1. Let a ≥ b ≥ c be the square roots of the eigenvalues of the Cα gyration tensor of the range 351-476; is it rounded (a/c under 1.5), or, if not, prolate (a/b larger than b/c) or oblate?
2. What label, among (1) 33, 31, 21; (2) 46, 27, 20; (3) 51, 24, 19, belongs to semi-axes √(5λ) of the Cα gyration tensor in Å computed from the structure on display?
3. Provide 17, 482 in ascending order of the number of other Cβ atoms located within 10 Å of each residue's Cβ, fewest first.
4. Using the 10 angstrom Cβ neighbour count as an exposure proxy, how do 309, 344, 168 rank, fewest first?
5. Give the order of 56, 424, 224, 394 when sorted by the count of other beta carbons within 10 angstrom, beginning with the fewest.
6. Once you sort the root eigenvalues of the Cα gyration tensor of the range 327-415 as a ≥ b ≥ c, which label holds: rounded (a/c under 1.5), prolate (a/b larger than b/c) or oblate (the other case)?
7. Mind jotting down the distance between the C-alpha centroids of the range 1-65 and the range 279-322, whole Å?
8. Say R0 is 45 Å: what FRET efficiency, to the nearest 0.05, do residue 250 and residue 464 get from their beta-carbon distance?
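Quick note: the coordinates plus some simple rules give every number you see, no bench work behind them. The structure presented is a predicted model; accordingly, all values stated were derived computationally and were not measured. Cβ: placed from backbone, ideal geometry, glycine included. Neighbour counts: every protein chain shown.
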């Protein structure tokens with residue numbers, strides 16, 4: 001069984017215990033990061049296991065291994081010895097584990113630790129690949145049969161993540177901890193059971209005084225509540241979302257909530273990737289069954305599809321992929337999500353007689369333009385690159401322009417509705433407003449497909465002018481429910 005471990009990075013033991021008690025119901029063990037403690041606090045670490053009341057890993061991480069211990073190796077060894085000294089017969093009062101790097105030679109201390117029930121985690125942390133002959137290196141790390149070997153590798157891309165999953169198969173049956181560090185490798189945390197890892201490390205979020213122990217660690221509550229870590233198995237069915245940088249997506253909580261309600265051994269995971277090729281290689285390795293696709297990959301994924309729906313062919317963009325016997329099938333649910341949301345909001349049956357401005361020329365704009373044409377509307381496509389606006393507009397016989405003054409002036413003739421489809425204004429770019437030079441009259445219906453924040457700068461300005469405004473939350477839900485149908489071959493369970 002993979003244990004959930006909370007990494008404690010407070011400056012004082014009191015603060016670490018406070019956080020441990022706050023998250024106690026979510027975790028199985030804790031790791032005391034002694035290197036994060038103030039110097040005067042380090043003299044009291046021996047009592048920590050008894051105070052914690054659950055199994056504790058002792059770790060004093062060197063700076064070269066991504067930690068904070070700045071003193072010499074002799075001082076670190078002295079601290080390790082102090083923490084493991086005066087062992088109790090009641091093993092609950094001793095450290096349950098001690099993390100020792102592969103290059104550390106402490107045979108006497110190790111034998112004493114084992115004698116009183118402290119297990120050794122033999123580890124190495126690497127921050128640059130390539131990771132050649134890694135399986136052999138991990139096997140060679142173990143000096144005694146009861147050691148747990150740990151490899152923590154920085155992932156520069158999903159190819160490094162793929163390699164780790166391959167290595168895990170080679171090490172099947174060995175007691176180990178395998179993980180990739182980095183925000184693009186969060187799947188190795190969520191799928192720790194599939195990797196056969198003894199431990200899944202977590203760090204608390206939202207506590208400014210507590211640094212994350214390693215990049216990519218999830219909050220224990222997020223791991224358990226959103227990703228249902230306690231419920232899924234090593235044979236879990238895997239779905240996810242491909243995009244980059246994927247800093248704002250509500251798809252994981254939506255799908256994982258549905259999976260929980262249906263008691264499915266399934267999980268939905270973010271896969272941030274700058275390239276589609278690395279994603280599809282990983283998808284084959286972990287047997288991914290389906291995924292949502294978001295910016296900037298809605299067009300690039302077409303090259304990986306064996307089949308595609310008529311909507312994908314028409315739009316030239318795909319936001320949903322499903323594994324089939326013959327390869328990947330592609331669908332577009334942005335189309336139905338967009339039109340269903342905007343028509344419901346306005347009370348219209350179609351876009352007949354409506355003159356609409358579409359901001360953007362990417363995959364989402366393609367879906368929007370396709371629906372406007374299908375539902376008898378007329379549109380003006382505006383984009384920072386006028387050439388890309390033209391390339392999209394000519395497909396449907398629409399007008400086009402850039403986002404300079406000339407383009408903005410043309411909105412007056414296409415101002416019944418304005419639909420913003422770019423990432424400008426998303427979280428991280430809250431001040432962004434692609435139509436900054438346009439003055440709203442108050443008669444426009446303005447839709448921004450961004451849903452985080454709830455109101456972008458564009459929507460705030462439009463609402464202040466008296467416009468009816470709509471964000472992308474309803475569109476997201478509608479298109480996600482359509483994705484569910486493609487993933488599972490049945491209608492979304494609205495009950």
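1. Values: a/c = 1.35, a/b = 1.33, b/c = 1.02.
It comes out rounded by the Cα gyration axes.
2. Recomputing semi-axes √(5λ) of the Cα gyration tensor in Å here gives the entry labelled (3).
3. Working: 17 17, 482 22.
Ascending Cβ contact count within 10 Å gives the list 17, 482.
4. Listing 309, 344, 168 from fewest to most nearby Cβ atoms yields 344, 309, 168.
5. 394, 224, 424, 56
6. Values: a/c = 2.15, a/b = 1.20, b/c = 1.79.
Taking the square roots of the gyration eigenvalues as a ≥ b ≥ c, the range 327-415 is oblate.
7. Rounded to whole Å, the Cα centres lie 43 Å apart.
8. Efficiency, rounded to the nearest 0.05: 0.95.
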